[in-house]
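Trainee: Encoded as structure tokens, here's the structure I'll be asking about.
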Amino acid sequence: MPAWEKLYEKKIMSAKAAIRKVNPGDRIFIGTGCGQPQVLVDELVNDDNDIVDAEIYHLLTQGDAPYIRQEYAKKFRTHSFFLAANVREGIVSGRGDYIPIFLSEIPTLFRSGRLPVDVALIQTSPPDRNGNLSLGISVDIVKSAVENSLTIIAEVNPNMPRTMGESFIPLDMVDAVVLSDKDILEFRLPESDSVIESIAKNVASLIDDGSTIEVGIGHIPQAVLQYLGNKRNIGVHTEMFNDAIIPLVESGVINGARKSKNRGKITASFCLGTRKLYDFVNENPIFEFRPSEYVNDPYIISQHNKMVAINVAIEVDMTGQVCSDSIGYNFYSGVGGQVDFNRGATRSKDGKAIIALPSTTRDGKTSRIVPRLTEGAGVVLSRADVHYVVTEYGVANLFGKNIRERVLALAEIAHPDFRNDILKEAKARSYIYPHQKELPAKGFHSTKEYPTTRTLVDGTKLHFRPIRPSDDKGLRDMLYTLSEQSIAFRFFQPIKAFPHKFIQDFTTIDLSSDMAIAAVLQDLGGEQVIGVAHYYLNESTKRAEVSFLVRDDWQSKGVGTYLLDILTDIARKRGVEGFEARVLVRNQLMLSVFYNSGFEITTKLEDDAYVISYDIIKKRAEQGEG
């Protein structure tokens, strides 16, 4: 018999005997998530033991947390780094304490002695052939707590997966072994709804092939995974994951082939899921479980190219401040790894830090994008930290934007019922122009099907989408690059200045009746507007007046043709019967776009311009597409 087996047998004892090692006043650490040692927790609150005035510390735990109940107030005081549902009411009621701290820094508390651990209650797999126990599905801060605890009590369970990475602790570190065959706790997310799915799709649109992703705690980040099926060579470096990762690994979407660190590995510190997930990670070499001081280290995170951090918020104010750990004065969750990954991703080459949230509370009565945070709400991410904010209504990229631009971008992705309330508050504080138009009650939020990407003859990919009020800066930049001739062709007169009051007439329009499409070039600097096309509908005639404008250096490349095709398709689907346009005789490029459109064009010369008219339904019908 190997020496470790004899040692193992000597350490085995009952839960009652093991818990006798806990003394009054001890600081007790309890293992994380679904890895909570259930037998030990049950015995901890047994009235037969003489524990009093002990302090309990943990990250988040699943299952029961009896020690926070009122009847155990003399025995225990709970301190939580992150509030799960099982302790939330108790802490809000004052029977426990919340410790706001970055997840990456919790191990420092243990190592430095600032938070000494007297007893660590953990759950592990049985020893391997070398006598090492695996922490299984919860390595996170458990590893550090174990390494810095005076007494370690391990609930050894054959149902605990044996995970790879830095998940092992030697048997000789353990002071007591309590055998268990309880099922490991399981975690299931509720069914998605249409709002969650829309948010997840919007987030997935920001993830490029070859990205490394972090999916934080919450329904939305995990839901994003189901919309990555068309991606390639995705890597994972995340504090946690759930069952949604399995099909992406099996299909090869997640393979880590382009990860900058730990290539080919899924790096995480814990997982929450079902037995299916636990069996999948068991002795699976693609999974590499590491402690939080590594996984959540912003420097380590930043070394991954195309790092995408996906986290959630409770509310975001109109300037970009993010509250994600409290609802007013009531603590709800925790800081967790949000700041760690947000800052790591923003420092990554081509990285993206994303905050996602529904636009309203579940009942739809309260906006979650607000003029000001709720009284008592804590700022987890500052304005300067926040880059992308995503709701079911779209994506707002706040990086480098001033307060006025942030207000407009966030109002656009707020629920339509609350957008103008935000603008009203912003005007009162002089955050936006006093002449800023209200946002239409309908419009750009209902045009999700219209964005499209087209490839020009030279291979350049352009994105075409409905214009937004926040495009005012992009349109302004484009207008100031135009030649005098291009300005005259579009506006029929020389114009030297394009102030905001002028520009917003072309960006803030009701897209439920009229339409404007922007052609944008996407690069590391963001979006450049290089062309726009408008139509304004005459409801009585069902015909629309159209106009086009393309930046000089993008003319004669097919941009105008694409704009006309896209605008025509939208108009036809909406029941518009025909287009009309006024084009100067000298504007041969625009005339050729119309003449080459395939429609039967009628022209009438008026002074120095042609009045062009054609029926957009007729051509489609002749082609069998009507």
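The values are calculated or read from the model by the stated rules, or taken from the named source; none is laboratory data. Bear in mind that the values here come from a model prediction, so they are computed numbers and not experimental data. A quick note on method: Cβ atoms are made from the backbone with ideal geometry, for glycine too, and the neighbour counts reach across all protein chains shown.
Trainee: Answer yes or no: is there a residue in segment 95-105 that is within 25 Å of ILE217 (Cα to Cα), touching a Phe, Trp or Tyr at 6+ places or on another chain (Cβ under 8 Å) and surrounded by fewer than 19 Cβ atoms within 10 Å (Cβ to Cβ).
Mentor: Looking only at segment 95-105, we keep the residues that are within 25 Å of ILE217 (Cα to Cα), and these are 95-105.
With touching a Phe, Trp or Tyr at 6+ places or on another chain (Cβ under 8 Å) added as a condition, the list becomes 98-99, 101, 103.
Next, from what is left, pick out any that are surrounded by fewer than 19 Cβ atoms within 10 Å (Cβ to Cβ): 99, 101.
Yes: segment 95-105 contains one or more residues that are within 25 Å of ILE217 (Cα to Cα), touching a Phe, Trp or Tyr at 6+ places or on another chain (Cβ under 8 Å) and surrounded by fewer than 19 Cβ atoms within 10 Å (Cβ to Cβ).
Trainee: Go over the candidates GLY560, GLY575 one by one and state the one that is under 38 Å from the mean Cα position of the chain (by Cα) and over 24 Å from THR507 (Cβ atoms). I'd like the intermediate steps shown before the answer.
Mentor: Details: GLY560 fails: over 24 Å from THR507 (Cβ atoms).
None of the other options fit; the residue is GLY575.
Trainee: Regarding VAL253, is this residue within 20 Å of the chain's Cα centre (by Cα), under 30 Å from ALA426 (Cβ atoms) and not hydroxyl-bearing (Ser, Thr, Tyr)?
Mentor: Working: within 20 Å of the chain's Cα centre (by Cα): yes; under 30 Å from ALA426 (Cβ atoms): no; not hydroxyl-bearing (Ser, Thr, Tyr): yes.
So VAL253 fails the test.
Trainee: Hey, can you tell me all the residues within segment 368-381 that are closer than 24 Å to ARG419 by Cβ and either under 18 Å from the mean Cα position of the chain (by Cα) or surrounded by fewer than 22 Cβ atoms within 10 Å (Cβ to Cβ) (or both)?
Mentor: Hits for segment 368-381 are ARG368, ILE369, VAL370, PRO371, ARG372, LEU373, THR374, GLU375, VAL379, LEU381.
Trainee: Sticking with this structure for a sec: Return the residue satisfying two criteria in turn: it lies in segment 298-338 and is closer than 28 Å to GLY94 by Cα and of a type in the set (Val, Ile, Thr), and of such residues it is surrounded by the fewest Cβ atoms within 10 Å (Cβ to Cβ).
Mentor: Here the residue is ILE327.
Trainee: Of the residues that make up segment 386-402, is at least one among the small types (Gly, Ala, Ser), closer than 12 Å to VAL322 by Cβ and surrounded by fewer than 21 Cβ atoms within 10 Å (Cβ to Cβ)?
Mentor: Initial filter on segment 386-402 (among the small types (Gly, Ala, Ser)): 394, 396, 400.
Next, from what is left, pick out any that are closer than 12 Å to VAL322 by Cβ: none.
Checking segment 386-402: not a single residue is among the small types (Gly, Ala, Ser), closer than 12 Å to VAL322 by Cβ and surrounded by fewer than 21 Cβ atoms within 10 Å (Cβ to Cβ).
Trainee: I need the full set of residues from segment 123-173 which are in contact with a Ser or Thr (Cβ under 9 Å, 6 or more places away or on another chain), in a loop (DSSP other than H, G, I, E, B) and among the basic types (Lys, Arg), in order please.
Mentor: ARG162
Trainee: If you don't mind, there's one more thing I want to ask. Within segment 106-128, how many residues are out of contact with any strand residue (DSSP E or B) (no Cβ under 9 Å at 6 or more places or on another chain), surrounded by fewer than 16 Cβ atoms within 10 Å (Cβ to Cβ) and touching a residue at least 40 places away in the same chain (Cβ under 8 Å)?
Mentor: The number of residues fulfilling the criteria is 1.
Trainee: Among VAL390, VAL379, which is assigned to a loop (DSSP other than H, G, I, E, B) and touching a residue at least 24 places away in the same chain (Cβ under 8 Å)? Don't jump to the end; show me each part of the working.
Mentor: Details: VAL390 fails: assigned to a loop (DSSP other than H, G, I, E, B).
The match here is VAL379.
Trainee: Hey, another quick one. Going by what's in this entry, would ASP243 be described as assigned to a helix (DSSP H, G or I) and out of contact with any strand residue (DSSP E or B) (no Cβ under 8 Å at 6 or more places or on another chain)? Before you say what the answer is, go through the steps one by one.
Mentor: Working: assigned to a helix (DSSP H, G or I): no; out of contact with any strand residue (DSSP E or B) (no Cβ under 8 Å at 6 or more places or on another chain): yes.
So ASP243 fails the test.
Trainee: Taking strands (runs of 3 or more DSSP E) that do not extend beyond segment 300-369, which have at least 1 residues that are touching a Gly at 6+ places or on another chain (Cβ under 6 Å) and assigned by TED's automatic domain parsing to the domain that holds ALA396? Before the answer, list the steps.
Mentor: Working: elements: 307-312, 315-317, 352-356.
In segment 300-369, the matching strands (runs of 3 or more DSSP E) lie at 307-312.
Trainee: Please go through segment 264-287 and give me each residue that is within 23 Å of the chain's Cα centre (by Cα) and either among the basic types (Lys, Arg) or not in a loop (DSSP other than H, G, I, E, B) (or both), ordered by number.
Mentor: LYS265, ILE266, THR267, ALA268, PHE270, CYS271, LEU277, PHE287 - these are the residues of segment 264-287 that are within 23 Å of the chain's Cα centre (by Cα) and either among the basic types (Lys, Arg) or not in a loop (DSSP other than H, G, I, E, B) (or both).
Trainee: May I ask you to verify whether ILE432 is β-branched (Val, Ile, Thr), closer than 25 Å to ASP193 by Cβ and buried (at least 21 other Cβ atoms within 10 Å of the Cβ)? Full working, then the answer.
Mentor: Numbers: β-branched (Val, Ile, Thr): yes; closer than 25 Å to ASP193 by Cβ: no; buried (at least 21 other Cβ atoms within 10 Å of the Cβ): yes.
Against the criterion (β-branched (Val, Ile, Thr), closer than 25 Å to ASP193 by Cβ and buried (at least 21 other Cβ atoms within 10 Å of the Cβ)), ILE432 does not qualify.
Trainee: Here's something else I'd like to know. Could you tell me whether any residue of segment 191-210 is aliphatic (A, V, I, L, M), in contact (Cβ under 8 Å) with a residue 24 or more places away in the chain, surrounded by 22 or more Cβ atoms within 10 Å (Cβ to Cβ) and part of a loop (DSSP other than H, G, I, E, B)?
Mentor: We begin by selecting, within segment 191-210, every residue aliphatic (A, V, I, L, M); these are 195-196, 199-200, 203-204, 206-207.
Checking which are in contact (Cβ under 8 Å) with a residue 24 or more places away in the chain leaves us with 195-196, 199-200, 203-204, 206-207.
Going one step further and asking which of them are surrounded by 22 or more Cβ atoms within 10 Å (Cβ to Cβ), we end up with 199-200, 203.
Narrowing the set further to residues that are part of a loop (DSSP other than H, G, I, E, B) leaves none.
No, segment 191-210 contains no residue that is aliphatic (A, V, I, L, M), in contact (Cβ under 8 Å) with a residue 24 or more places away in the chain, surrounded by 22 or more Cβ atoms within 10 Å (Cβ to Cβ) and part of a loop (DSSP other than H, G, I, E, B).
Trainee: Does LYS10 qualify as being free of Cβ contacts under 8 Å to residues at least 24 places away in the same chain and over 39 Å from the mean Cα position of the chain (by Cα)?
Mentor: Numbers: free of Cβ contacts under 8 Å to residues at least 24 places away in the same chain: yes; over 39 Å from the mean Cα position of the chain (by Cα): yes.
The answer is yes for LYS10.
Trainee: Restricting to helices (runs of 4 or more DSSP H) lying wholly in segment 464-538: which have 2 or more residues that are in contact (Cβ under 8 Å) with a residue 12 or more places away in the chain and within 32 Å of the chain's Cα centre (by Cα)?
Mentor: It comes to 472-479, 500-507.
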